[in-house]
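Worksheet for the structure shown next.
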Amino acid sequence: MKNSIAIVGIHTGIGKTIASVVLAEALGADYWKPVQAGKDQRDTLLVRQLLTDGAKRVHDESIVLSEPLSPHAAAAIDNVDVDYKKFEWPQTEKTLLVETAGGILSPMSANTTMADFIVHYRLPAILISMNYLGSINHTLMSIEVLKSRGIKLIGVIMNGIENEQSEIFIRRYSQVPMIGRIPYISSLDNENIRKRAMQLKPSLAQFFGNAND
């Protein structure tokens, strides 16, 4: 969809939601998570609290599933058909950041993945990575999947603790640009999100210009 960017991860639990809100703050973008698994742990509500003017810039999910499981498993429990072709796309003039769940090949439904969803809507993607033992492999495999599906990969954002040698290897081997870094945020509030956004903004300029400023 026009002016939409998929925010994808190398794994679950690597900080896609916090990266999304920092990116949205830095770019003046809107946020949407189409499928939420776990009605008591809705990322949309957290982003709405953290993002400046979040009530106006954060769009409701298409589907909220009861259990905090992989969407295909949660959908089976709720007897819900997750069909991304039927999603009602948010209406906005701003750039829309679309946060996926889990990793790039995590299920969205019983027979589709996050990658299938991105391909269907022809979304470019930003890959969120984090340094841990095994993350080079996870990052490079994710990049290979994106490339093999013909998904335009804008670049990689590193989340959390720095590991210079790992990041150099990923960049050199993949030939994919490192957009920037989001250091660990110990206290989640709008002020700290804005600080991280201002730190990231100069790195984003070469990829997005002034975005929605």
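The values are calculated or read from the model by the stated rules, or taken from the named source; none is laboratory data. Here the structure is a predicted model, which is why all the values come from computation and not from measurement. When we count neighbours, we look across all protein chains shown, and the Cβ atoms used for this are built from the backbone with ideal geometry, even at glycine. We work out accessible area using only protein heavy atoms, side chains counted, and drop any ligands, DNA or RNA first. Shrake-Rupley method; radii C 1.70, N 1.55, O 1.52, S 1.80 Å.
Among the residues of segment 178-191, just one is more than 15 Å from E25 (Cβ to Cβ), open to solvent by 50 Å² or more (accessible area, probe 1.4 Å) and not in a loop (DSSP other than H, G, I, E, B), namely R181.
For (1) in a loop (DSSP other than H, G, I, E, B); (2) open to solvent by 40 Å² or more (accessible area, probe 1.4 Å); (3) within 11 Å of A26 (Cα to Cα); (4) hydrophobic (A, V, I, L, M, F, W, C), each residue gets a yes or a no:
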site: E162; (1), (2), (3), (4): yes, yes, no, no
site: Y173; (1), (2), (3), (4): no, yes, no, no
site: V176; (1), (2), (3), (4): yes, no, no, yes
site: I193; (1), (2), (3), (4): no, no, yes, yes
site: M198; (1), (2), (3), (4): no, yes, yes, yes
site: Q206; (1), (2), (3), (4): no, yes, no, no
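Is it the case that E88 is touching a helix residue (DSSP H, G or I) at 6+ places or on another chain (Cβ under 7 Å) and either in a loop (DSSP other than H, G, I, E, B) or acidic (D, E) (or both)? So E88 fails the test.
Please tell me if T100 is within 30 Å of Y132 (Cα to Cα), crowded, with 18+ Cβ neighbours inside 10 Å and not charged (D, E, K, R). Answer is yes for this residue. Summed over segment 83-97, the residues that are more than 19 Å from the chain's Cα centre (by Cα) and open to solvent by less than 70 Å² (accessible area, probe 1.4 Å) give a count of 1.
Here S109 clears all of (1) part of a loop (DSSP other than H, G, I, E, B); (2) open to solvent by less than 40 Å² (accessible area, probe 1.4 Å); (3) under 19 Å from S4 (Cα atoms) except the condition numbered (3). Checking every residue in segment 112-121 against the condition of being aromatic (F, W, Y) and within 17 Å of the chain's Cα centre (by Cα) gives at least one match. K147 falls short on exactly one of the conditions (1) under 15 Å from the mean Cα position of the chain (by Cα); (2) under 16 Å from P177 (Cα atoms); (3) open to solvent by 40 Å² or more (accessible area, probe 1.4 Å); (4) not small (G, A, S), and that condition is (1). Could you please find all residues in segment 71-82 being in contact (Cβ under 8 Å) with a residue 24 or more places away in the chain, open to solvent by 60 Å² or more (accessible area, probe 1.4 Å), not in a loop (DSSP other than H, G, I, E, B) and not small (G, A, S)? Residue satisfying the conditions is H72 alone.
For segment 28-47, which residues satisfy the criterion of being in a loop (DSSP other than H, G, I, E, B) and open to solvent by 20 Å² or more (accessible area, probe 1.4 Å)? Matches in segment 28-47: K39, D40, Q41, R42. When the test is whether a residue is in contact with a strand residue (DSSP E or B) (Cβ under 7 Å, 6 or more places away or on another chain) and under 19 Å from V119 (Cα atoms), G9 passes it. State yes or no: is E67 open to solvent by 40 Å² or more (accessible area, probe 1.4 Å) and not in a helix (DSSP H, G or I)? So E67 passes the test.
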